Amino acid sequence: MNLRALAAKALFDVLEKGLSLSVALPNQQQHLTNGKDKALLAEICYGVMRALPQLDKCVSDCLSKPFKGKQRIIYQLLLVGCYQLYFTRIPPHAAISETAEACRQLKFEGMVKVINGVLRTIQRNATELSTSNDTLKFNTPAWIIKRLQQAYPDDWQHVIEQSHQRPPMWLRNNRNHQTRDEYLALLAQADIAASAGSSPDSILLESPKDVGILPGFFDGAVSVQDGAAQWAATLLAPKDGELILDACAAPGGKSCHILEQADCQLVAVDFDENRLQRVKENMQRLQFTAEIIHGDAANIDSWWQGNKFDRILLDAPCSATGVIRRHPDIKWLRKSQDIEELAELQRQILDHCWQWLQPGGQLLYATCSILPQENALQIQAFLERTKDATLVPIAQQAPAETGWQILPGTQAMDGFYYALLHKSAQ
Ligand SMILES: C[S@@+](CC[C@H](N)C(=O)[O-])C[C@H]1O[C@@H](n2cnc3c(N)ncnc32)[C@H](O)[C@@H]1O
């Protein structure tokens, strides 16, 4: 099946069925063998997600009536066609004929005329994409714009612009294999331009690379992980011999980093059994062992009868609004009311995990959100109701801030939030 048809299928799965693009895209990429084709499929799908409102308007303006039901896939195919005309260097005649061919392959022979007609009209008119309201101007749903305006009255436009950038690729040096400087030297030898990031193991690549060409990748010399996410293990500061809980562990990036930093007893838990498979794979590649448990972090008593934990990492389920640059589908999959529901879930997990922290222990609360309801406001409310909790200031956090809010693009990192909490020794 041609690449445009596969793109339409992936977009249909996201926009009509609510699948995340990180699941829907590989499902379609597996039908391609050529690496360049896989990359173009990704480029088209991610691109459509980034510019959805403008593409939507451009296509809808050319249609007399909306597509319904199964025919929606032809609408998604039109978005694919429109994206190629506006955002790629593919010659328009090739973009249009390939997209029409995709329509045939999707078994909508009768719609080929519509595809050709709409895409030719768009090509002929060659008008600027509309910016007539904020959603179109920023390619972002109104509810996210509103929440960002409230949270960052001076910086919200910058935050949105950063969320549209193509994300860089970060590596995490495995300090058990070599020092970061040694790995930077290996990269230089392999002609891969890179620099050290602000967290101790992080390396920023000048341009993204296939992991297959990274020296020692398959032996566990490095892992792929954003620079912001790499602060988790460093701020948690695990020590040899400690009992540590990673309460929301899948796919296991932070769990592995904790084990690279200390010879501790790690319990890695997640609610999602499928995602736990990824934790196992990551541990295998890096040759670590941990107790991997399928369980609910808001009901630890049901799966743990051991001691209380010396340290807990709570990388809570969240809106992921800090990583829109990596997952632009978040803008369309999340709804405004999700934020209050997520904040309530985070509150329950946080309160429960706290019961399982040793007196004198520390809990690191983390999200990849940039919304205060999930971050500073969540922690302020926790501190008010929890008498034995105090906030440990993180060096980078602003003096008046509760926790450390990293905005997307800061030092090339994803948007992230950290709050380090200490439990009084009794
Ligand atoms: C932000 S992700 C964790 C990422 C992970 N820490 C890493 O670095 O690879 C949040 C995780 O929380 C899990 N989760 C959601 N609700 C949960 C619950 N009640 N108990 C345990 N895990 C939960 C989700 O399945 C998801 O894998």
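For I379, are the conditions met, namely being within 16 Å of the ligand (Cβ to nearest atom), open to solvent by less than 10 Å² (accessible area, probe 1.4 Å) and either at positive phi or not assigned by TED's automatic domain parsing to the domain that holds D13 (or both)? Outline the logic, then answer.
Numbers: within 16 Å of the ligand (Cβ to nearest atom): no; open to solvent by less than 10 Å² (accessible area, probe 1.4 Å): yes; either at positive phi or not assigned by TED's automatic domain parsing to the domain that holds D13 (or both): yes.
No, not satisfied.
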Going through segment 381-426 in order, the residues found to be more than 20 Å from the chain's Cα centre (by Cα), closer than 22 Å to G322 by Cβ and among the small types (G, A, S) are A381, A395, A398, A400, G403
In segment 206-225, anything assigned to a loop (DSSP other than H, G, I, E, B) and among the aliphatic types (A, V, I, L, M) is listed as L214, A221
Filtering segment 397-411 down to residues that are open to solvent by 30 Å² or more (accessible area, probe 1.4 Å) and either modelled with pLDDT of 95 or more or in contact with a helix residue (DSSP H, G or I) (Cβ under 7 Å, 6 or more places away or on another chain) (or both) yields E401, Q405, L407, T410, Q411
Log entry, pairs with first residue in segment 156-180 being free of Cβ contacts under 8 Å to residues at least 24 places away in the same chain, second being part of a helix (DSSP H, G or I) and of a type in the set (S, T, Y), beta carbons closer than 6 Å, six or more apart or on different chains, reads none
Picking from I339, I312, the residue that is open to solvent by less than 10 Å² (accessible area, probe 1.4 Å), assigned to a helix (DSSP H, G or I) and touching a residue at least 40 places away in the same chain (Cβ under 8 Å) would be I339
If we keep only residues of segment 19-64 that are over 19 Å from F138 (Cβ atoms) and charged (D, E, K, R), then the residue surrounded by the most Cβ atoms within 10 Å (Cβ to Cβ) is K38
Within the bounds of segment 191-201, is there any residue that is assigned to a helix (DSSP H, G or I) and not assigned by TED's automatic domain parsing to the domain that holds R285? no
Notebook entry, point to check: With respect to L85, is the statement that it is crowded, with 16+ Cβ neighbours inside 10 Å, in the same structural domain as Q28 (by TED's automatic domain parsing) and free of Cβ contacts under 8 Å to residues at least 40 places away in the same chain true?
Noted result: yes
Residue pairs within 6 Å by beta carbon, gap of at least six or interchain, first lying in segment 24-40 and in a helix (DSSP H, G or I), second open to solvent by 60 Å² or more (accessible area, probe 1.4 Å), listed first then second, are Q28/K9; Q29/K38
Exercise. Kindly check whether there is at least one residue in segment 247-269 that is away from the ligand (no atom under 16 Å from the Cβ), touching a residue at least 12 places away in the same chain (Cβ under 8 Å), open to solvent by 20 Å² or more (accessible area, probe 1.4 Å) and in the same structural domain as A419 (by TED's automatic domain parsing).
Key: yes
Checked A142, A151, A196, A190 against criteria (exposed (fewer than 13 other Cβ atoms within 10 Å of the Cβ) and hydrophobic (A, V, I, L, M, F, W, C)); the one match is A190
Scanning segment 87-132 for residues that are more than 21 Å from K57 (Cα to Cα) and assigned to a helix (DSSP H, G or I) gives H93, A94, S97, E98, E101, A102, R104, Q105, E109, G110
Of the residues in segment 295-308, those that are surrounded by fewer than 16 Cβ atoms within 10 Å (Cβ to Cβ) and more than 9 Å from the ligand (Cβ to nearest atom) come to D301, S302, W303, Q305, G306, N307
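For segment 133-151, which residues satisfy the criterion of being part of a loop (DSSP other than H, G, I, E, B) and more than 21 Å from the chain's Cα centre (by Cα)? First the steps, then the outcome.
Our first condition is that a residue be part of a loop (DSSP other than H, G, I, E, B); within segment 133-151, this holds for 133, 139-141.
Selection gives N133 alone.
The values are calculated or read from the model by the stated rules, or taken from the named source; none is laboratory data. This is a predicted model, so every value here is computed, not measured. Cβ: placed from backbone, ideal geometry, glycine included. Neighbour counts: every protein chain shown. Ligands, DNA and RNA are stripped out before the accessible areas are found, and what is left, the full protein with its side chains, is counted by its heavy atoms. Shrake-Rupley method; radii C 1.70, N 1.55, O 1.52, S 1.80 Å.
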